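What follows is a set of notes on a single structure, which appears directly below.
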Amino acid sequence: MRLVEIDGSMGEGGGQILRTAISLSAVTGKPVRIYNIRVKRENPGLRPQHLTAVKAISSICNARVKGAEVGSLTLEFYPGEVKGGSYFFDVGTAGSIPLVLQALLPVLAFSRGPITVRVRGGTDVPMAPTIDYIREVLRRLTLMLGFNFEVKVKVRGHYPKGGGIVTVSVDEAPGSFKPRDFTERGGLVSLHVRSHAVRLPKHVAERQASSAASILRSRLKVEPNVDLEYYEAHKDPHLGPGSGITIWAIYRGTVLGSDSLGAPGKRAEIVGEEAARRLVEDVETGASLDRHASDMIPVYLALAPGTSTIYGAKLTTHAYTILELLKLINENYNYEIIEGGVGRAFKALIKGAPPV
């Protein structure tokens, strides 16, 4: 089979190009060669968390891989059959578990039998979605596409120590995804806030939640359901301190979410405010997918039969890059931006095609 050539410096030029490419390679059975991997970044080439995604997917689909080492600028990936079973992968320190799961989840949907994957690393780290975003937003969205997975968080992991442990399981892989119209939200069903603080005082989680709830109450005119997660010092199993908040709004036809993380010197009130304002901004566009889901969901719709429509809160350069990348691996897929553009809310038609 022809080797699909992918320039890793295209568009925003980040690690998501690599993760998406090998994920689609495993699902479609098409070998890929990715070159110029992360050449635009300060530390170019493969980093440990990217290697974890490569090794995880290659193990699950029995792939043959060339160039899988830290710093490598080129990688060749020759997939085999996606098989079920139980797997464990260690990202190392605080490498992002959610970013590894972004690559793994489409593959798990095509497993030949039940599959369970346990990953150790960072659950809530900068420059990546939180694990709560994965389990409360992305999971609900993929369920609308016919794909259900379970996420269990045993321990959270924050930068720089990590040590988080997450288990993802799929009891019955659908082997396909359903097309969907993501342009109409429908009415708001419920609004949720989960604020956590580990190896930190309880008031950190409370202040994050209070700040977020105040903005949501004022701007959206809805009282959110608040879930606080904190630990007594003698019962806290985490390796290092950290905090964060995830907010999600459940509508009849979709889910929108946002998140924010604490950091040394960053007031808890600012953490809650950041997440709340981002959600409000995305809600006020009228969109059915938030800015993060706008680059995650097209991967699934590209593998669904027929035409889907999306209304995304923001066409980031990241999202635009993914839309273009999908065409390189699935030649039967295409998309058309029918309204909006880069940096703004947008509507798009996505012509998907299931793997042969």
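Here are the numbers:
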quantity: Among the residues listed as Ala68, Ala103, Ala94, the single one being among the hydrophobic types (A, V, I, L, M, F, W, C) and surrounded by fewer than 24 Cβ atoms within 10 Å (Cβ to Cβ); calculated: Ala68
quantity: Count of segment 324-350 residues which are among the aliphatic types (A, V, I, L, M), surrounded by 13 or more Cβ atoms within 10 Å (Cβ to Cβ) and assigned to a strand (DSSP E or B); calculated: 4
quantity: Gly272, sole failed condition from (1) closer than 22 Å to Thr93 by Cα; (2) in a helix (DSSP H, G or I); calculated: (1)
quantity: Some residue of segment 164-173 being of a type outside the set (Asp, Glu), in a loop (DSSP other than H, G, I, E, B) and either crowded, with 19+ Cβ neighbours inside 10 Å or under 22 Å from the mean Cα position of the chain (by Cα) (or both); calculated: yes
quantity: Any hit, segment 249-263, residues being of a type in the set (Phe, Trp, Tyr), touching a residue at least 40 places away in the same chain (Cβ under 8 Å) and surrounded by 15 or more Cβ atoms within 10 Å (Cβ to Cβ); calculated: yes
quantity: Unique residue being assigned by TED's automatic domain parsing to the domain that holds Val125 and of a type outside the set (Ser, Thr, Tyr) when the list is Val70, Val32, Val91; calculated: Val91
quantity: Hey, Arg217 assigned to a helix (DSSP H, G or I) and at pLDDT 95 or above or not; calculated: yes
quantity: Segment 116-127 residues that are under 18 Å from Asn148 (Cα atoms), paired with ones that are not aliphatic (A, V, I, L, M) (beta carbon under 6 Å, 6 or more apart); calculated: Thr116/Ser86; Thr116/Ser169; Val117/Tyr87; Arg118/Phe88; Arg118/Thr167
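The values are calculated or read from the model by the stated rules, or taken from the named source; none is laboratory data. The shown structure was predicted, so the numbers you read here are calculated from the model rather than taken from an experiment. Glycine gets a Cβ as well: all are built from the backbone with ideal geometry, and neighbour counts include every protein chain shown.
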